[in-house]
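The values are calculated or read from the model by the stated rules, or taken from the named source; none is laboratory data. In this text the structure is predicted, and so the values were computed from the model without any measurement. Heads up, the Cβs are rebuilt from the backbone with ideal geometry, glycines too, and the neighbour counts pull from every protein chain shown. When the accessible area is computed, the model is the full protein with side chains, heavy atoms only, and any ligands, DNA or RNA have been set aside. Shrake-Rupley method; radii C 1.70, N 1.55, O 1.52, S 1.80 Å.
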Amino acid sequence: MEVPFVSFRYMEKELDHELRDAFARVLNASWYIEGKEDTAFEAAFAEYCSSKYCIGVGNGLDALMLALKALGIKAGDEVIVPSNTYIATALAVTYTGATPVFVEPDIRTYDIDPAKIEEKITSRTRAIMPVHLYGMPCDMDPITEIAKKHGLFIVEDCAQAHGAEYKGRRIGSFGDAAGFSFYPGKNLGALGDAGAAVTNNKELADKIRALGNYGSDYKYHHIYQGNNSRLDEMQAAFLAAKLPHLDRMNAERRRIADIYLKGITNPDITLPFIPDNVVPVWHIFAVRTERRDELAAYLEEKGIHTNKHYPIPMHLQLCYEDLNIKEGELPIAETISRTELSLPMFYGITDEMVDYVIDAINAF
């Protein structure tokens, strides 16, 4: 049996008519930037996230970077980020001129460990950027308390967690702003690159929008040195077609995750941990094992495709060698990078595929 790591085929077949209608609607309107589709999706997604404002942008990295810039983060500042995440989180900080400061994760959840944040706060710290990694919500109560205590902004990185909940609230509604990616592989994915920032602060929303539109508040009037990062009409229409199905598709991911959690019994495999009071959306189903590479090769031979998130931790990437963080200084992130393996998880994966993966892992 062949089990892909991810496939869009099942979802796209199910939503074929809606996606084709969205395409035709935009094509027939002959309006491709900052039009009705963008406005409609922004309103719908803001409501979905329990936020007042949504600003469509070109991608998830831009959503984070523009939110930080709008908050006044600049050269000389520091922003707390988890040591275990995709590099876009740190790059968003770097592109403002500020410095990312890495804080180790909780080894159980892979999210930033609130107990380790305060020791990294200095007089230059301006913000905390928690990442709801793999679709697992961060422990936001203590993070919020720390931010209030030290007068720091919170920008949530929600790129992998559309629809996840913490204590009954959607993630993205806890910070000053939040950034979402709609990269095609996300739980809510466009048919190309796309992203959005959400916030409850109108002044901040207006500034993010202006910064993403060449720094312009109206045509040919530029109040900031901005960027070109806008959600185009076609992607907005596709996203609007998919959004009403997101909760249902996330529920299916939770069902599949539950089968994995109950079925995998191999003692060499560490399964994901689910804290109380959270509703994860399982963008990634990540397991860990000291025999990660051996397991990945074994599964590949059986037609089961996997991935590694992320095999080289950020602080050991060449692009951040200027931070001078040596191997061994962030051991939890390094352990996760060395042992994490992501199993097939996507809307449309069949129970037969999941059972095949479980049987293979248990026989390993």
Inset, instruction - Tell me which residues, restricted to the range 116-129, are over 25 Å from ILE284 (Cβ atoms) and not in a strand (DSSP E or B). - result: GLU118, GLU119, LYS120, ILE121, THR122, SER123, ARG124
Inset, instruction - Filter the helices (runs of 4 or more DSSP H) completely within the range 1-105 down to those with at least 2 residues that are over 30 Å from ILE358 (Cα atoms). - result: 16-29, 36-48, 60-70, 88-94
Inset, instruction - Look through ALA70, ALA24, ALA44, ALA90 and report the one residue that is small (Gly, Ala, Ser) and touching a Pro at 6+ places or on another chain (Cβ under 7 Å). - result: ALA90
Legend entry - Whichever residue in the range 238-253 is open to solvent by 20 Å² or more (accessible area, probe 1.4 Å) and of a type in the set (Gly, Ala, Ser) and, among such residues, is nearest to ARG291 (Cα to Cα): ALA251
Legend entry - Subset tally (residues that are more than 22 Å from PRO105 (Cα to Cα) and small (Gly, Ala, Ser)) for the range 307-364: 3
Inset, instruction - For the range 59-77, enumerate the residues that are open to solvent by 20 Å² or more (accessible area, probe 1.4 Å) and either within 11 Å of MET129 (Cβ to Cβ) or more than 15 Å from the chain's Cα centre (by Cα) (or both). - result: LYS69, LEU71, GLY72, LYS74, ALA75, GLY76
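For the range 187-196, which residues satisfy the criterion of being open to solvent by 10 Å² or more (accessible area, probe 1.4 Å) and either of a type outside the set (Asp, Glu) or in contact with an Asp or Glu (Cβ under 6 Å, 6 or more places away or on another chain) (or both)?
Within the range 187-196, the first condition is being open to solvent by 10 Å² or more (accessible area, probe 1.4 Å), and the residues that meet it are 187, 191-193.
Selection gives ASN187, LEU191, GLY192.
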Legend entry - Residues of the range 130-161 classified as touching a helix residue (DSSP H, G or I) at 6+ places or on another chain (Cβ under 9 Å), farther than 20 Å from TYR310 by Cβ and either in a loop (DSSP other than H, G, I, E, B) or of a type in the set (D, E, K, R) (or both), total: 5
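Can you tell me which residues in the range 275-305 are assigned to a loop (DSSP other than H, G, I, E, B) and closer than 17 Å to ARG253 by Cβ? Let's see the steps before the verdict.
Residues of the range 275-305 assigned to a loop (DSSP other than H, G, I, E, B): 275-277, 280-284, 289-291, 302-303, 305.
Of everything in the range 275-305, those that are assigned to a loop (DSSP other than H, G, I, E, B) and closer than 17 Å to ARG253 by Cβ turn out to be PRO280, VAL281, TRP282, HIS283, ILE284.
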Inset, instruction - Given the conditions (1) more than 18 Å from SER181 (Cα to Cα); (2) in a helix (DSSP H, G or I); (3) open to solvent by 10 Å² or more (accessible area, probe 1.4 Å), report the number of the one that PRO272 does not fulfil. - result: (2)
Legend entry - Given (1) touching a helix residue (DSSP H, G or I) at 6+ places or on another chain (Cβ under 9 Å); (2) hydroxyl-bearing (Ser, Thr, Tyr); (3) open to solvent by 60 Å² or more (accessible area, probe 1.4 Å); (4) without any contact (Cβ under 8 Å) to a residue 40 or more places away in the chain, number of the condition TYR214 does not satisfy: (1)
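Among the residues of the range 23-33 satisfying the criterion of being open to solvent by 90 Å² or more (accessible area, probe 1.4 Å) and within 27 Å of the chain's Cα centre (by Cα), which is farthest from HIS162 (Cα to Cα)?
Narrowing the range 23-33 to residues open to solvent by 90 Å² or more (accessible area, probe 1.4 Å): 23, 25, 28, 31-32.
Those still in the list that are within 27 Å of the chain's Cα centre (by Cα) too: 23, 32.
Numbers: PHE23: 23, TYR32: 25 Å.
Ranking the candidates gives TYR32 first.
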Legend entry - Given (1) farther than 30 Å from ALA240 by Cβ; (2) in contact (Cβ under 8 Å) with a residue 60 or more places away in the chain; (3) polar (S, T, N, Q); (4) open to solvent by less than 20 Å² (accessible area, probe 1.4 Å), index of the condition THR99 fails: (4)
Legend entry - Members of the range 326-348 found to be buried (at least 21 other Cβ atoms within 10 Å of the Cβ) and hydrophobic (A, V, I, L, M, F, W, C), listed by number: LEU330, ALA333, ILE336, LEU341, LEU343, MET345, PHE346
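For every residue, the table says whether it meets (1) among the polar types (S, T, N, Q); (2) surrounded by fewer than 21 Cβ atoms within 10 Å (Cβ to Cβ); (3) in contact (Cβ under 8 Å) with a residue 24 or more places away in the chain.
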residue	(1), (2), (3)
ALA210	no, no, no
LYS219	no, yes, no
GLY226	no, yes, no
ARG255	no, yes, no
PHE285	no, no, yes
ALA296	no, yes, yes
LYS302	no, yes, yes
Inset, instruction - Run THR199 past the list (1) surrounded by 24 or more Cβ atoms within 10 Å (Cβ to Cβ); (2) closer than 18 Å to ASP113 by Cα and report the number of the one that doesn't hold. - result: (2)
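For residues that are within 21 Å of ALA70 (Cα to Cα) and touching a strand residue (DSSP E or B) at 6+ places or on another chain (Cβ under 7 Å), scanning just the range 122-142, find the one that is surrounded by the fewest Cβ atoms within 10 Å (Cβ to Cβ). I'd like the intermediate steps shown before the answer.
Step one: filter the range 122-142 for residues within 21 Å of ALA70 (Cα to Cα), giving 123-131.
If we keep only those that are touching a strand residue (DSSP E or B) at 6+ places or on another chain (Cβ under 7 Å) too, we end up with 124-131.
Details: ARG124: 12, THR125: 21, ARG126: 21, ALA127: 25, ILE128: 28, MET129: 29, PRO130: 31, VAL131: 26.
Out of the qualifying residues, it is ARG124.
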Inset, instruction - For the range 166-212, enumerate the residues that are outside any strand (DSSP E or B), under 23 Å from GLU34 (Cα atoms) and of a type in the set (A, V, I, L, M, F, W, C). - result: PHE182, LEU188, ALA190, LEU191, ALA194, LEU204, ALA205, ILE208, ALA210, LEU211
